[in-house]
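Peer 1: Attaching a single structure in structure tokens format; questions to follow.
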Amino acid sequence: MAIGMAGRSTKKKKSRQNVKRHWKPSLGRFVEHYDRRGEHARRKQERAARRSIEALSKTTRRPRMGRRLVISACVFVAMLAVIGGFRLARHGSGVVEYDVLQARKPAIVKLDHGPVTRVVTATAAEVDAMVRAAVASVRSTGVEHPDRLIVIDPVAPAISFGSLARIDQRVLRRHAGPDAAHVYETAVARFLERVVDGLANRRVSVLGLPVEPGAAGIEAARRTNRRYGNVIERLDHLVTAHVFFRTESWVTEQRMVEEAIPEALHHAGTRPIVFRLNLEWRVLIDRAEVARYRRAEWNTLAPGG
């Protein structure tokens, strides 16, 4: 309450048009109440409108938040465009745009050379015999399926040390010590390299190379792929061991592949990548190479693909 010079209250009295009287039985007298539906209510609405206008003018004077929203929207649209067009980096430089086409089912040749320790403990003569047997098996399959990609499936020896059963890993550690993973994968890589070299006149691939990240993580997969570097470079196609199942219509093939096989995409370059989707075969091809690939006398495309 403000006090004037004469000591009298200067509080503004309520307008009489906003004050009404009514009988209150509990008090036995008339009481006054403030009418909030008349002129006072209109003035309150006017003040609220002025405050809204002032807040809006401050926002226009400080457009930083607006710019942030615009930038965020642009980034989101760009991300959608990248996913929709399946634009993926290759070897850390440049961008590859892929097309997904239906592929023929490849001819798969399974190699089984017995216990996991054999590739580590075998003599040079025994390794030579293993290589000759594998090359003969692949060539025989190639004669039977001249229009198909030949894919080597190394059941035994398996590619990755981490994919072996724990009992097999313990056996290898007893033979090779703490460097068992390096010793084993290096031996398998040399074996497969010799097999692929013995099939120089055939288009072949190895199922599961390059190895993709698993429970051990991306660094473990990269260590394995470095040991198999010479084999990966010799392959005409990369065939992933992943089998994709699409149950949601909104999930695109490109998005599933992009998330599941980063190592294959990194090593592929312009080479096609073959994978399975809902038990059907697909081939991922650099868009710039599709026309040339279709015209080739030999390719992995399904009839009419």
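Peer 1: Is one or more of the residues making up segment 148-161 in a helix (DSSP H, G or I), modelled with pLDDT of 90 or more and closer than 20 Å to Ala220 by Cβ? Let's see the steps before the verdict.
Peer 2: Filtering segment 148-161 for residues in a helix (DSSP H, G or I) gives 161.
Those still in the list that are modelled with pLDDT of 90 or more too: 161.
When the remaining residues are screened for being closer than 20 Å to Ala220 by Cβ, the result is 161.
The answer is yes, given that some residue of segment 148-161 is in a helix (DSSP H, G or I), modelled with pLDDT of 90 or more and closer than 20 Å to Ala220 by Cβ.
Peer 1: Right, next: Out of the residues in segment 234-250 that are surrounded by 12 or more Cβ atoms within 10 Å (Cβ to Cβ) and more than 15 Å from Val283 (Cβ to Cβ), state the one that is modelled with the lowest pLDDT.
Peer 2: Going residue by residue through segment 234-250, those that are surrounded by 12 or more Cβ atoms within 10 Å (Cβ to Cβ) are 234-242, 244, 246.
This time we only want the ones that are more than 15 Å from Val283 (Cβ to Cβ), so: 234, 241, 246.
Values: Arg234: 93, Ala241: 90, Arg246: 69.
Here the residue is Arg246.
Peer 1: Under the condition of being part of a loop (DSSP other than H, G, I, E, B) and among the polar types (S, T, N, Q), which residue from segment 101-147 is modelled with the highest pLDDT?
Peer 2: So the first thing to find is which residues in segment 101-147 are part of a loop (DSSP other than H, G, I, E, B), and the list is 104-106, 113-117, 122-123, 145-147.
Retained after the next criterion (residues that are among the polar types (S, T, N, Q)): 117, 123.
Numbers: Thr117: 87, Thr123: 93.
In this case the residue turns out to be Thr123.
Yes/no matrix, rows are residues, columns are (1) part of a helix (DSSP H, G or I); (2) basic (Lys, Arg); (3) under 25 Å from His266 (Cβ atoms):
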position	(1), (2), (3)
Gln169	yes, no, no
Arg174	yes, yes, no
Pro178	yes, no, no
Val183	yes, no, no
Val188	yes, no, yes
Phe191	yes, no, yes
Arg202	no, yes, no
Ala221	yes, no, yes
Asn230	yes, no, yes
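Peer 1: Could you grab me the full set of residues in segment 269-284 that are among the hydrophobic types (A, V, I, L, M, F, W, C) and assigned to a strand (DSSP E or B)?
Peer 2: Across segment 269-284, the qualifying residues are Ile273, Val274, Phe275, Leu277, Trp281, Val283, Leu284.
Peer 1: Assess whether Arg223 counts as being surrounded by 13 or more Cβ atoms within 10 Å (Cβ to Cβ), at pLDDT 85 or above and among the basic types (Lys, Arg). If you could, list the steps in order and put the result at the bottom.
Peer 2: Values: surrounded by 13 or more Cβ atoms within 10 Å (Cβ to Cβ): yes; at pLDDT 85 or above: yes; among the basic types (Lys, Arg): yes.
So Arg223 fits the description; yes.
Peer 1: Checking Met256 against (1) in contact with a helix residue (DSSP H, G or I) (Cβ under 9 Å, 6 or more places away or on another chain); (2) part of a helix (DSSP H, G or I); (3) not acidic (Asp, Glu): exactly one of these is not met. Which one?
Peer 2: Among (1) in contact with a helix residue (DSSP H, G or I) (Cβ under 9 Å, 6 or more places away or on another chain); (2) part of a helix (DSSP H, G or I); (3) not acidic (Asp, Glu), the lone unmet condition for Met256 is (1).
Here's the yes/no breakdown for (1) surrounded by fewer than 17 Cβ atoms within 10 Å (Cβ to Cβ); (2) among the charged types (D, E, K, R):
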position: Ser137; (1), (2): yes, no
position: Pro146; (1), (2): yes, no
position: Ile150; (1), (2): no, no
position: Ala156; (1), (2): yes, no
position: Ile159; (1), (2): no, no
position: Arg166; (1), (2): yes, yes
position: Leu172; (1), (2): no, no
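The values are calculated or read from the model by the stated rules, or taken from the named source; none is laboratory data. Just so it is clear, the model here is predicted, and its values are computed rather than measured. Please note: Cβ atoms are built from the backbone with ideal geometry, for glycine as well, and neighbour counts cover all protein chains shown.
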